[in-house]
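Colleague: Quick one: structure below, then a few questions.
The values are calculated or read from the model by the stated rules, or taken from the named source; none is laboratory data. Since this is a predicted model, take the numbers as computed values, not measurements. Methodologically, a virtual Cβ is constructed for each residue, glycine included, from the backbone with ideal geometry; neighbour enumeration extends over all protein chains shown.
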Amino acid sequence: MDDRRAVVLDFGRVISAPKPLALFRRYEEDLRLEPGSINRIMFDDPAWEETLVGRRSLDAYWAEVGPRLGLRTAEAVAAFRARYEADERPNEPVLAMIRRLHGHVPLAVLSNAPKGLDGWLKRWGLWHLFDVVFCSAEEGVRKPFPQAYRITLERLGVAPQRALFVDDTPENVEAARSLGMPSHCYRDPEALRAFLTRYGLKV
């Protein structure tokens, strides 16, 4: 086991920038949905869970959830999907920290994500920065189940106590802590920088 620190980061809303609430409200207005309903429709659904563990393709997921969003044709579903994905942005302050850490500590992505996470990282020019990329749909297991963390740690070759974990979901953070990983619930870049600095990393 490597005795250096390692850093393990979630992808959505950590490496990728959190989408502002106003953007979701525009989606809802354009789709004529009730305020605050789009995330429930899209993500509080068994189809999303199946997509996250690789039992359903992302294409099949959109084909199922599209009509629930009021999208009546395959063309309408494809257009909204393209819009939704185009609105994803890298979280530049976090990426600046990752780039400063690259080459000094092992880095990993541990993400609950559909198949295709590698494509996002490559399109954004980030793939080469990470020693390990764990995508739940590729592996068939997601956070907060312990196996997702253990696989990532084994591939990094570090003990839990040496791996700093960053995620924006409290449940995932608590699961990492229960395994002995020092963990941070991401809210803003400044707090993340303070967390990493506390463990001796220069960011």
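Colleague: For a quick check of your reading: which strands (runs of 3 or more DSSP E) sit entirely within region 99-186 and have at least 3 residues that are more than 21 Å from Trp48 (Cβ to Cβ) and touching a residue at least 40 places away in the same chain (Cβ under 8 Å)? Walk me through it before giving the result.
Modeller: On the way: elements: 107-111, 132-135, 163-167, 183-185.
In region 99-186, 163-167 are the strands (runs of 3 or more DSSP E) which contain 3 or more residues that are more than 21 Å from Trp48 (Cβ to Cβ) and touching a residue at least 40 places away in the same chain (Cβ under 8 Å).
Colleague: Scan Val8, Val14 and give me the residue that is in contact with a Phe, Trp or Tyr (Cβ under 7 Å, 6 or more places away or on another chain), in a helix (DSSP H, G or I) and surrounded by 12 or more Cβ atoms within 10 Å (Cβ to Cβ). Explain how you work it out, then say what you get.
Modeller: Values: Val8 fails: in a helix (DSSP H, G or I).
Among Val8, Val14, only Val14 is in contact with a Phe, Trp or Tyr (Cβ under 7 Å, 6 or more places away or on another chain), in a helix (DSSP H, G or I) and surrounded by 12 or more Cβ atoms within 10 Å (Cβ to Cβ).
Colleague: Separate question: For region 162-194, which residues satisfy the criterion of being loosely packed, with under 14 Cβ neighbours inside 10 Å and not charged (D, E, K, R)?
Modeller: Selection gives Pro170, Ser178, Ala191, Ala194.
Colleague: Confirm whether Glu34 is buried (at least 17 other Cβ atoms within 10 Å of the Cβ), among the acidic types (Asp, Glu), without any contact (Cβ under 8 Å) to a residue 40 or more places away in the chain and more than 22 Å from Tyr199 (Cβ to Cβ).
Modeller: no
Colleague: Within the set of pairs 6+ apart or on separate chains, which have a first residue in region 43-60 that is under 12 Å from Ser136 (Cα atoms), a second that is surrounded by fewer than 15 Cβ atoms within 10 Å (Cβ to Cβ) and among the small types (Gly, Ala, Ser), and C-beta atoms under 6 Å apart?
Modeller: That search, which allows pairs on different chains as well, returns Val53/Gly140; Gly54/Gly140.
Colleague: From the list Asn112, Asn172, which one is in contact with a Leu (Cβ under 6 Å, 6 or more places away or on another chain) and not aliphatic (A, V, I, L, M)?
Modeller: Going through Asn112, Asn172 in turn, the sole match is Asn112.
Colleague: Further question: Answer yes or no as to whether Ala137 is surrounded by 14 or more Cβ atoms within 10 Å (Cβ to Cβ) and outside the structural domain of Cys185 (by TED's automatic domain parsing).
Modeller: no
Colleague: Taking into account only those residues within region 40-58 that are among the β-branched types (Val, Ile, Thr) and in a helix (DSSP H, G or I), which is surrounded by the fewest Cβ atoms within 10 Å (Cβ to Cβ)?
Modeller: For region 40-58, the residue satisfying everything is Ile41.
Colleague: Further question: Which members of region 68-95 meet the condition of being of a type in the set (A, V, I, L, M, F, W, C), free of Cβ contacts under 8 Å to residues at least 40 places away in the same chain and closer than 18 Å to Trp124 by Cβ? First the steps, then the outcome.
Modeller: Filtering region 68-95 down to residues of a type in the set (A, V, I, L, M, F, W, C) leaves 69, 71, 74, 76-80, 82, 86, 94-95.
Remaining after also requiring free of Cβ contacts under 8 Å to residues at least 40 places away in the same chain: 69, 74, 76-79, 82, 86.
Within region 68-95, Ala82, Ala86 qualify.
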